[in-house]
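Here's the structure, in structure tokens; my notes come after.
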């Protein structure tokens with residue numbers, strides 16, 4: 001009876017990092033990509049590149065079918081899928097790195113006759129499970145020396161490099177300057193114009 005009281009006092013998540021997982025930094029993305037290229041892991045490289053490009057949830061990524069990305073005799077530049085959670089359509093661009101990784105991976109998928117882009121380990125007619133994908137992500141993170149408990153499948157959705165084109169920066173600055181001209185602000189702020 002006392003053991004039941006002691007068990008109740010220990011929380012199930014004691015010592016476990018809970019909450020939002022950390023995003024992968026761009027240098028981490030490149031480190032993992034280089035390691036996968038050097039090791040010759042074709043499936044994992046295609047999976048990693050597609051996860052970074054698409055920003056899809058794990059359940060949507062593992063259920064991608066060959067026809068979602070393959071059009072006639074080439075890989076599509078953009079793909080559109082319906083998300084499981086939100087039921088909304090999402091469009092993403094497939095980069096050249098991902099296209100080359102997918103082009104190397106697709107012959108293996110077609111040889112096994114599967115319709116899923118990433119078939120399961122045991123039964124090729126089923127897709128890779130989200131749990132197996134989580135194990136693969138943990139292996140990638142561990143391979144570059146990061147703490148595996150701080151990163152998860154959601155970390156693959158978070159690395160978004162901010163690309164500012166010259167036109168966008170000029171627009172933002174001109175908008176800011178037009179606001180500062182009309183309002184009374186200290187003279188040092190007007191120096192931004």
What about residue 152, is it in contact with a helix residue (DSSP H, G or I) (Cβ under 8 Å, 6 or more places away or on another chain), buried (at least 16 other Cβ atoms within 10 Å of the Cβ) and modelled with pLDDT under 85?
-> yes
Return the total of residues in the range 51-84 being free of Cβ contacts under 8 Å to residues at least 60 places away in the same chain and out of contact with any strand residue (DSSP E or B) (no Cβ under 8 Å at 6 or more places or on another chain).
-> 8
Options 89, 125, 143: the member that is closer than 16 Å to residue 33 by Cα, in the same structural domain as residue 40 (by TED's automatic domain parsing) and surrounded by fewer than 16 Cβ atoms within 10 Å (Cβ to Cβ) | 143
Which ones in the range 100-122 are touching a residue at least 24 places away in the same chain (Cβ under 8 Å) and loosely packed, with under 15 Cβ neighbours inside 10 Å?
-> 103, 104, 108, 110, 115
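Give the range 9-33 a look and list any residue that's over 14 Å from the mean Cα position of the chain (by Cα) and assigned to a loop (DSSP other than H, G, I, E, B), or say none.
Within the range 9-33, 10, 11, 12, 13, 14, 15, 16, 17, 18, 19, 20 qualify.
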Report yes if some residue within the range 127-144 is farther than 21 Å from residue 22 by Cα and touching a strand residue (DSSP E or B) at 6+ places or on another chain (Cβ under 8 Å); otherwise report no.
-> yes
Would you pick out the residues in the range 1-54 that are exposed (fewer than 11 other Cβ atoms within 10 Å of the Cβ) and either modelled with pLDDT of 90 or more or under 21 Å from residue 93 (Cβ atoms) (or both)?
-> 27, 38, 40
Is it fair to say residue 46 is in contact with a helix residue (DSSP H, G or I) (Cβ under 8 Å, 6 or more places away or on another chain) and within 24 Å of residue 152 (Cβ to Cβ)?
-> yes
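The values are calculated or read from the model by the stated rules, or taken from the named source; none is laboratory data. Keep in mind that what you see is a predicted model, and the values were worked out from it rather than measured. Because the Cβ atoms are built from the backbone with ideal geometry, glycine has one as well, and the counts that use them run over all protein chains shown.
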